[in-house]
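Every number in this text was worked out from the coordinates using simple rules, so none of it is lab data. This is a predicted model, so every value here is computed, not measured. In this analysis, Cβ positions are derived from the backbone assuming ideal geometry, glycine residues included, and neighbour counts consider all displayed protein chains.
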Amino acid sequence: MKISECMTRDVDVVKPDESIREAARFMLRDDAGSMPVCDGDRLVGMITDRDIAVRAVAEGRGPDTPVRDAMTDHIDYCFDDDEVEAIAAKMADMQVRRFPVISREEKRLVGIVSLGDLSRLGKGEAATVALEGVTDPGGSHSQG
């Protein structure tokens with residue numbers, strides 16, 4: 001099965017010149033811990049609640065700080081025609097809960113795949129693989 005068959009297509013994004021306050025409002029409204037950052041339809045980064053708290057607030061930056069100053073600009077993504085199992089394994093290895101989806105031809109953001117999307121497939125294997133990796137201690141997102 002391809003990622004395009006299970007991803008969420010209607011994705012809220014934030015622009016690099018918007019404030020981190022606005023990004024936080026979007027995250028609160030969507031009950032999400034991260035958002036894609038797009039310049040037009042081109043993915044340029046991701047901003048997480050942790051980026052806002054650790055990268056911005058802990059460094060003394062205010063709520064009007066542009067997203068570009070707090071976002072992660074080295075981002076991993078998958079293509080809409082990638083296989084679900086491969087992306088679930090990649091999410092597990094990277095310990096991420098959400099993964100931006102790009103169209104292979106146009107290189108534009110077309111969706112996002114989450115652990116929730118994988119769990120709704122009905123097969124369960126892909127979600128189990130991803131969830132086990134994400135919940136393992138350590139990795140790049142460890143605070144320990």
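Restricting to the stretch 1-110, what percent of DSSP beta bridges are antiparallel, rounded to 5?
Details: 10 of 13 bridges.
That works out to approximately 75 percent antiparallel.
In debye, nearest 20, what is the charge dipole magnitude of the stretch 3-135 about its Cα centre with +1 on Lys and Arg Cβ and -1 on Asp and Glu Cβ, if you could check?
Values: 18 positive and 28 negative charges, 68 e Å.
With only Lys, Arg, Asp and Glu charged at Cβ, the dipole is about 320 debye.
What does the charge count around GLY116 come to, taking other residues whose C-beta lies under 11 Å from its C-beta (Lys +1, Arg +1, Asp -1, Glu -1)? Present the calculation step by step, with values, prior to reporting the outcome.
Numbers: positive: ARG97, ARG98, ARG120; negative: ASP31, ASP117.
Summing Lys and Arg as +1 and Asp and Glu as -1 gives +1.
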